[in-house]
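Colleague: Dropping a structure here in structure tokens format, bear with me for questions.
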Amino acid sequence: MPATIPVTADAVVVDLEGTTSAAGFILGDLYDYARPRLEEVLGRDDGTVREARRQAIAETGIAEDASDAEVADALRALMASDVKSTPLKTLQGIIWAEGFAAGEITSHFFDDAPPRLRAWHERGIRLAVYSSGSVASQKPWFRHAPQGDLSAIVEAWFDTVNAGPKKEPASYERIAEALGTDPGRTLFLTDHPEEVAAARAAGWQVVALDREGEPWAGSDFAAAGAPAVASFDEIEVAS
């Protein structure tokens, strides 16, 4: 049985893709659901959509008078390259939230993640999410977990809009400030070595998830500044 890594922390902040959930599910099932629905959403008279449309045009370099179909095609090209685009994530979040509400899609969590999250919550450990996916997509993702609603145990939600890019130390400083926690007593769980390095530079504790079959499996997490585990079962958090 693998050794358990003990951590003393007041708050645990989790990444999603490759950490709590399989990247293949997000890049496969959910992307497939969003792809044909982008054009319809882009045509809505909604402030959030209009701003995402403006950002998408600026980011992709297409003409300012591009049609909804042309903007949708540009966004699909970003999806094909798995570009972490803020306007794309915003629109995906809207589409996925509606899909979850309609019962047309469901989320995915590794079996080891929900029990551990619930156990930490019961011990008084505060839980938060930090993902490149929009907050609008994070909440239904946790609410519609196959293992039962997990949204109620999450205290705060962060994305690249309200916190900043995940590879920049300043983003983690903002999150710690928002939570009111000491960075040294805040634990980040992620599967990405560059995110490990950024969080460590901000003074956080970090444990990397090195899950077989995930995009960053086998990375040199030690060089980035964190121990690595294969599942949440190998992490023991106490305050």
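The values are calculated or read from the model by the stated rules, or taken from the named source; none is laboratory data. As the structure is a computational prediction, the values presented were derived from the model and not from experiment. Reconstructed Cβ throughout: ideal geometry from the backbone, glycine too, with neighbour counts over all protein chains shown.
Colleague: Here is a list: 223, 199. Which entry is in contact with a Pro (Cβ under 9 Å, 6 or more places away or on another chain), part of a helix (DSSP H, G or I) and under 16 Å from residue 7 (Cβ atoms)?
Modeller: Details: 223 fails: under 16 Å from residue 7 (Cβ atoms).
Exactly one residue qualifies, and that residue is 199.
Colleague: So which residues in segment 69-127 are β-branched (Val, Ile, Thr) and more than 21 Å from residue 38 (Cβ to Cβ), if there are any at all?
Modeller: Just the residues of segment 69-127 that are β-branched (Val, Ile, Thr), to begin with: 71, 83, 86, 90, 94-95, 105-106, 125.
125, the sole residue that qualifies.
Colleague: Does residue 189 satisfy the criteria of being more than 30 Å from residue 38 (Cα to Cα), outside any loop (DSSP other than H, G, I, E, B), in contact with a His (Cβ under 7 Å, 6 or more places away or on another chain) and not aromatic (Phe, Trp, Tyr)? Quick ask: steps written out before the conclusion?
Modeller: Values: more than 30 Å from residue 38 (Cα to Cα): yes; outside any loop (DSSP other than H, G, I, E, B): yes; in contact with a His (Cβ under 7 Å, 6 or more places away or on another chain): no; not aromatic (Phe, Trp, Tyr): yes.
When the stated conditions are applied, residue 189 does not pass them.
Colleague: Quickly run through segment 99-117 and pick out the residues that are surrounded by 15 or more Cβ atoms within 10 Å (Cβ to Cβ) and of a type outside the set (Gly, Ala, Ser).
Modeller: Correct list: 100, 105, 106, 108, 109, 110, 112, 114, 116, 117.
Colleague: Cβ-Cβ below 6 Å, separation at least six or inter-chain, first residue in segment 193-206 and touching a residue at least 12 places away in the same chain (Cβ under 8 Å), second among the acidic types (Asp, Glu): which pairs?
Modeller: 198/168; 202/173
Results for (1) in the same structural domain as residue 139 (by TED's automatic domain parsing); (2) surrounded by fewer than 15 Cβ atoms within 10 Å (Cβ to Cβ); (3) at pLDDT below 95, shown as yes or no for each residue.
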site: 12; (1), (2), (3): yes, no, no
site: 38; (1), (2), (3): no, no, no
site: 42; (1), (2), (3): no, no, no
site: 46; (1), (2), (3): no, yes, no
site: 49; (1), (2), (3): no, no, no
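Colleague: Residue 151 versus (1) touching a residue at least 60 places away in the same chain (Cβ under 8 Å); (2) out of contact with any His (no Cβ under 6 Å at 6 or more places or on another chain); (3) of a type in the set (Ser, Thr, Tyr): which is the lone unmet condition?
Modeller: Looking at each condition in turn, residue 151 falls short on (1).
Colleague: Taking segment 143-186, which residues are among the aliphatic types (A, V, I, L, M) and not in a helix (DSSP H, G or I)?
Modeller: If the condition is that a residue be among the aliphatic types (A, V, I, L, M) and not in a helix (DSSP H, G or I), then 145, 150, 154, 156, 161, 163 are the ones that fit.
Colleague: What helices (runs of 4 or more DSSP H) lie completely within segment 27-126 and have 2 or more residues being over 27 Å from residue 154 (Cβ atoms) and not aromatic (Phe, Trp, Tyr)?
Modeller: 38-42, 47-60, 68-80
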